[in-house]
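Just below is one structure, and these are the notes that go with it.
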There are 4 protein chains.
Amino acid sequence: MIRFQNDYGEGAHPLLLKRLAETNMEQTEGYGEDRYCRQAAQKIKEQCALKEGEVHFFVGGTQTNLTVIGSVLRPHQGVIAADTGHIQVHETGAIEALGHKVLTVPEQDGKLTAKQVEEVCDRHWKDASREYTVQPGMVYLSHPTECGTLYTKKELEELSAICRRRGLPLFLDGARLGYGLTSPASELTLADIAGLTDLFYIGGTKVGALFGEALVITRPELARDFRYLIKQKGALLAKGRLLGLQFDTLFTDELYFRISQEAVEKALLLKAAFLKKGYSLRYDSYTNQQFPILPEKDRKKLEETYGFTFWEEMGEGKSAVRFCTSWATTEEAIRQLVEDIEAL
Amino acid sequence: MIRFQNDYGEGAHPLLLKRLAETNMEQTEGYGEDRYCRQAAQKIKEQCALKEGEVHFFVGGTQTNLTVIGSVLRPHQGVIAADTGHIQVHETGAIEALGHKVLTVPEQDGKLTAKQVEEVCDRHWKDASREYTVQPGMVYLSHPTECGTLYTKKELEELSAICRRRGLPLFLDGARLGYGLTSPASELTLADIAGLTDLFYIGGTKVGALFGEALVITRPELARDFRYLIKQKGALLAKGRLLGLQFDTLFTDELYFRISQEAVEKALLLKAAFLKKGYSLRYDSYTNQQFPILPEKDRKKLEETYGFTFWEEMGEGKSAVRFCTSWATTEEAIRQLVEDIEAL
Amino acid sequence: MIRFQNDYGEGAHPLLLKRLAETNMEQTEGYGEDRYCRQAAQKIKEQCALKEGEVHFFVGGTQTNLTVIGSVLRPHQGVIAADTGHIQVHETGAIEALGHKVLTVPEQDGKLTAKQVEEVCDRHWKDASREYTVQPGMVYLSHPTECGTLYTKKELEELSAICRRRGLPLFLDGARLGYGLTSPASELTLADIAGLTDLFYIGGTKVGALFGEALVITRPELARDFRYLIKQKGALLAKGRLLGLQFDTLFTDELYFRISQEAVEKALLLKAAFLKKGYSLRYDSYTNQQFPILPEKDRKKLEETYGFTFWEEMGEGKSAVRFCTSWATTEEAIRQLVEDIEAL
Amino acid sequence: MIRFQNDYGEGAHPLLLKRLAETNMEQTEGYGEDRYCRQAAQKIKEQCALKEGEVHFFVGGTQTNLTVIGSVLRPHQGVIAADTGHIQVHETGAIEALGHKVLTVPEQDGKLTAKQVEEVCDRHWKDASREYTVQPGMVYLSHPTECGTLYTKKELEELSAICRRRGLPLFLDGARLGYGLTSPASELTLADIAGLTDLFYIGGTKVGALFGEALVITRPELARDFRYLIKQKGALLAKGRLLGLQFDTLFTDELYFRISQEAVEKALLLKAAFLKKGYSLRYDSYTNQQFPILPEKDRKKLEETYGFTFWEEMGEGKSAVRFCTSWATTEEAIRQLVEDIEAL
């Protein structure tokens, strides 16, 4: 069985493991105050072209999301998100467990729009009874989205503009950020994202690390006392160096970007094969996740050899499924799968 | 200006005020442990035909809802409600502030159905990734609904049945329960409701009291340690006797039902007048709230003399509005309004 | 049985009931936006000599405490209080239920001192590991304290000064404030308290009202979005006028102060009687609560006729008990009790 | 500088790193549903002599503590702990952030006693006003304690007995459990602990792993829906295999016990050296943490070469400090430090 279910099925890129082994017996400060964390943060800030702001490292995405959102909002505020947003559908109510409502808007290819954010704000602030409803307090989006789609530069600029006008911190979940930045369809650089958002994270777990997400807080006032929050949520790793070292390695010689790009290229080979075969796609993704719509017979055939994820019933005996590539996907696996698609 | 905006514009039914004055200098236990609370609870249990269970008194509805829901759910559970449910739209995220998600389903005339509850449960329990989503933990509904509509006996029986099969406590918000029980369209008695739900409250604030809601917990295991919860949420009134005395009076000689019925009759006079005039209704309500759809001109005309609430734009220059009656609505006010409707 | 257990055993001062009856059929706005609330707030601000700031009305003390503290603190912050503070010992963990730790210091006659606050801050800010501990975020005190004692003007000035230097909002719980302000031992006026604290409340429940606490927020920035918080905590009374009207009446012709002063005078007659008889006192209170230490025999004797509260075992067969007076305590009751003390 | 500050200054025991490298390219299920997690859980249950119950893996201790405590308690309940307990002093209010009070008792050599637990329960349940206070809902202790001390078998049996009589789940924080079980002073086996507690965790972060704690829930009813809670708190590691593999390795061929025992032996060499030199000890520890009380001059001298932690001022110019050993402490480092102690 060759697994394409997700992008966290293997361990870490070998270079990261190698660095962990090399530095294993070094004695360092705990809790993220070691030189590797400092070095990694410095490299990330440089690549983000940030002069101020802070970088903090987390083990996982849900942890990052809940720590950030809990830090930013006051008790009567909620976070605006697409109704397919990860915080809305796949974190067991982690945001509500902090005390905050997720204010959803209907997704558009997995994205939300500046117009939707504006409407939520208008509806709230024009309502004479607004004190009986949750106040919009920030905006959450994923890039790439859970559907593999990408915000255009214009879309993110508009979102950024409306957020700033309305005083809403804009938080970008970049669990798969590498696959977005290196997509041929990408219009955004890391520095663009740093310039347009208030907080965002660079995903490591799904992009070559054993685990780890690097949160970038671009506005210093949002970083106030942030380490207290990390500790309170149980998110401060004792051996923080493990996070620092992995991100230091990923952001040396562009490793993060190189492995992301390779994974995207492999995914696009799959996409081309599905399209060539005449299948339609649930989302038009240019990143490492692909969502072909398969007839049952073909789906079953592929399931004999490959692992992939059921996504959604599409009617007429067809269903959308998800194939993921990653830094660990081999050329051999892709070649074989492309052949098997062609042979369907 | 004659106000029909809501059913809490005046103080209390005069009989309640009279009893408060008569007993004012009596010395009683505090915090709901006085004889008036005991008496009122006893009368309510009798009218509910309950042999076990408990009655607790609250000052207001949001307070009742949040104390009940916070007591019933475990941290990873949410409460199923219609998307127009009061807890979803008009309590400033009080449920989320406790840590729980509201799991909404599309309202059907302000109601949710047994089928919807079953679907939410099925979707959850059939999902292999269910641990990453919020588990349905109870069901919340309002009767009458926020739209003035009523559950039929069959609808409530079906909801009760599915809730019991799925182990979900069923909680009925009866902020306007009197107006439901005494509607000519009502198929349900107080004893029916006590038999079909696990927790429900009998609204006093909107039905003749200065303030107060009587929560009935029909299953003893759901009442365990309940007074701790009331206190923790700041909901334990020092002079609890005020609640006991008011409900004791309301449940003596059927006062609660008599004043509710009169208010409903008055509302139905309005309904008849609007229908006779050819207006359609946003909801087909047989309770104390009426929702005519008025052209702008007529709405403006009525606004010169009457207070009522804008509800929703209906297009073509029309809007739905809400008129409420209550124990305090005078015959004179109704007669005048009916005449003015006829004269539009 | 003549009850001296507490100061909330009866209903309301007759003048308040009279006003409730007189205005009962008036139609007003709900949720505290009526003219009585505005009028009461205005009168209170005047007596506080406040040009800015806001007044909000609550039904009870725990509700007020939890709404205020939840509004002021960020998630990693706690509230400093004496270990006998009401929020620490008698609110079923309401503050923790919001997510915040109570940072206790040992009481000194029920009070905390500026020095203690400074020490808590110093210990925190000098600790290299402070991020792993709760950050002091505000200070809570009661005046009079739960022990009937009073802060001197100097003590409150020092507390205010240290709080301002350290950026900690100072919140004063005035559940029995009237009995403090009118004590012969009082060094503080309402305007002094408004000038020295950032938030405080004027208790009504224990001082003549059916229920009600008037929260004064002296610094506008602490009042931001405050009504959202009140609603979310279930603390926004539908018929808010009941609160406005009661406080309007209490703050007309100094009613609040007159009834407080009478209660204190009666309490001091008891104090004198106990002292004359040779009993010692658990606390040297000059307010409406008195804490004599009685031998068992005398305690039992008094219990035949009077209700009062056991406070604490004092050893050698003696125990401290509490007698409370209030606006409702009659001269006859005091005279009889004084005689019975003398006859012990 | 040779570091004795803590037991998490290096990476992982080399055997664990080796296994991570060997299995790196294997594709496994995510989120702890892989074969390594199953294998590790099975081995742990066997060594605990448990027929039922569950094992779950966490990345860190605070995360484990907050997930467990939040899962066990109802909203009005608190957790009993020594006032030196980690949850009370070093987790930034993580327990309160869940909504729960820590009910502290004075530590006795870092421990709490069955008698103290009984007293807290008695005080609560005998209090007529208990509903206004937090109900004891579970007991938390550390073994070894934060002070390096150990519960005797009798002490833990008594605690277990009182907890069972009072219906309080007993939770043992074993962040340094290995150092306790292999201490020459230990009276307890892993199976003893599994038999006497309801939940406990076996610490990996401080005992040879890169990170990781293995939570053992000995009573199935406490494990209900537990994975939802782990996910909600952001504690479900995507590549859960990393935890499974490390614990599988630690619990193969007794690696966990062997490396713990060596670290304890090294610590006891230090202890002997300090005692021989005439220093007294802050706590009489037989585990990997040692707490000598040093005169300032000697402390400064040692600080030239060694890293260790200031613990507490002891007066007369002396201070208690902490030296930790671990699996990574070399014989050479110990020999050198012993010599330097002797030379003081």
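Screening B:LEU337 on (1) outside any strand (DSSP E or B); (2) of a type in the set (A, V, I, L, M, F, W, C); (3) touching a strand residue (DSSP E or B) at 6+ places or on another chain (Cβ under 8 Å); (4) open to solvent by 40 Å² or more (accessible area, probe 1.4 Å) shows it passes everything except condition (4).
Within region A:290-320, the set of residues being hydrophobic (A, V, I, L, M, F, W, C) and open to solvent by 50 Å² or more (accessible area, probe 1.4 Å) comprises A:PHE310, A:TRP311, A:MET314. Identify the single condition in (1) within 9 Å of another protein chain (Cβ to nearest Cβ); (2) crowded, with 22+ Cβ neighbours inside 10 Å that C:ARG3 does not satisfy, given that it satisfies every other one. It fails just one condition, (2).
With respect to D:LEU270, determine if the residue is in contact with a Phe, Trp or Tyr (Cβ under 6 Å, 6 or more places away or on another chain) and hydrophobic (A, V, I, L, M, F, W, C). So D:LEU270 fits the description; yes.
Inclusion of B:GLN39 among residues that are surrounded by fewer than 20 Cβ atoms within 10 Å (Cβ to Cβ), touching a residue at least 40 places away in the same chain (Cβ under 8 Å), closer than 27 Å to C:LEU17 by Cα and in contact with a Cys (Cβ under 9 Å, 6 or more places away or on another chain) is not warranted.
Screening A:ALA128 against (1) among the small types (Gly, Ala, Ser); (2) assigned to a loop (DSSP other than H, G, I, E, B); (3) touching a strand residue (DSSP E or B) at 6+ places or on another chain (Cβ under 8 Å) leaves a single unmet condition, (3). Look at (1) open to solvent by less than 10 Å² (accessible area, probe 1.4 Å); (2) more than 13 Å from the chain's Cα centre (by Cα); (3) of a type in the set (Val, Ile, Thr) and you find that B:THR182 fails only one, number (1).
Quick grid of which residues meet (1) modelled with pLDDT under 95; (2) within 30 Å of A:PRO136 (Cα to Cα); (3) out of contact with any strand residue (DSSP E or B) (no Cβ under 7 Å at 6 or more places or on another chain):
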position: C:ALA175; (1), (2), (3): no, no, no
position: C:ALA191; (1), (2), (3): no, no, yes
position: C:ARG219; (1), (2), (3): no, yes, yes
position: C:ALA223; (1), (2), (3): no, yes, no
position: C:TYR228; (1), (2), (3): no, yes, no
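The set of residues in region D:89-122 being open to solvent by 30 Å² or more (accessible area, probe 1.4 Å) and out of contact with any strand residue (DSSP E or B) (no Cβ under 9 Å at 6 or more places or on another chain) consists of D:VAL89, D:HIS90, D:ALA97, D:LEU98, D:ASP109, D:LYS115, D:GLU118, D:ASP122. Checking the structure you have, find out if any residue of region A:146-157 is more than 14 Å from chain B (Cβ to nearest Cβ), more than 30 Å from A:ALA320 (Cβ to Cβ) and surrounded by fewer than 24 Cβ atoms within 10 Å (Cβ to Cβ). Checking region A:146-157: at least one residue is more than 14 Å from chain B (Cβ to nearest Cβ), more than 30 Å from A:ALA320 (Cβ to Cβ) and surrounded by fewer than 24 Cβ atoms within 10 Å (Cβ to Cβ). Here A:PHE226 does not qualify as among the aromatic types (Phe, Trp, Tyr) and under 19 Å from the mean Cα position of the chain (by Cα). Residues in region A:270-285 that are more than 14 Å from A:VAL321 (Cα to Cα) and buried (at least 18 other Cβ atoms within 10 Å of the Cβ): A:ALA273 alone. Every residue in region A:222-238 that is more than 18 Å from D:ILE87 (Cβ to Cβ), facing another protein chain (nearest Cβ under 7 Å) and open to solvent by less than 30 Å² (accessible area, probe 1.4 Å), please. The answer is A:LEU237, and nothing else. Condition first: open to solvent by 20 Å² or more (accessible area, probe 1.4 Å) and in a loop (DSSP other than H, G, I, E, B). Now tell me which residues in region C:161-174 satisfy that. Across region C:161-174, the qualifying residue is only C:GLY167.
Scanning region C:25-60 for residues that are closer than 30 Å to B:TYR306 by Cβ and in contact with a Leu (Cβ under 6 Å, 6 or more places away or on another chain) returns C:TYR31, C:TYR36, C:PHE57. Would you say C:LEU16 is touching a Ser or Thr at 6+ places or on another chain (Cβ under 6 Å), closer than 16 Å to C:LEU242 by Cα and crowded, with 18+ Cβ neighbours inside 10 Å? It is true that C:LEU16 is touching a Ser or Thr at 6+ places or on another chain (Cβ under 6 Å), closer than 16 Å to C:LEU242 by Cα and crowded, with 18+ Cβ neighbours inside 10 Å. I'm checking my understanding of the structure. Among residues of region D:239-278 that are away from chain A (no Cβ under 14 Å) and of a type in the set (Gly, Ala, Ser), which one is nearest to D:THR23 (Cα to Cα)? Among those residues, the one meeting the criterion is D:SER260. The one condition from (1) assigned to a loop (DSSP other than H, G, I, E, B); (2) among the aliphatic types (A, V, I, L, M); (3) farther than 19 Å from C:GLU213 by Cβ that C:LEU156 does not meet is (1).
Does at least one position in region C:201-214 carry a residue that is in contact with a helix residue (DSSP H, G or I) (Cβ under 9 Å, 6 or more places away or on another chain), farther than 24 Å from C:LEU20 by Cβ and open to solvent by less than 30 Å² (accessible area, probe 1.4 Å)? Among the residues of region C:201-214, not one is in contact with a helix residue (DSSP H, G or I) (Cβ under 9 Å, 6 or more places away or on another chain), farther than 24 Å from C:LEU20 by Cβ and open to solvent by less than 30 Å² (accessible area, probe 1.4 Å), which makes the answer no. If you check B:SER285, B:SER326, B:SER319, B:SER260 for being in contact with a Pro (Cβ under 9 Å, 6 or more places away or on another chain) and in contact (Cβ under 8 Å) with a residue 60 or more places away in the chain, only one passes: B:SER285.
Considering the conditions (1) in a loop (DSSP other than H, G, I, E, B); (2) open to solvent by 30 Å² or more (accessible area, probe 1.4 Å), D:THR28 is excluded by exactly one of them, (2). Among the criteria (1) more than 30 Å from A:GLN5 (Cβ to Cβ); (2) in contact with a Cys (Cβ under 8 Å, 6 or more places away or on another chain), the one D:GLY203 does not fulfil is (2).
The values are calculated or read from the model by the stated rules, or taken from the named source; none is laboratory data. Bear in mind that the values here come from a model prediction, so they are computed numbers and not experimental data. Positions of Cβ are backbone-derived with ideal geometry, glycine not excepted, and every protein chain shown enters the neighbour counts. The accessibility values were calculated without ligands, DNA or RNA, using every heavy atom of the protein model including side chains. Shrake-Rupley method; radii C 1.70, N 1.55, O 1.52, S 1.80 Å.
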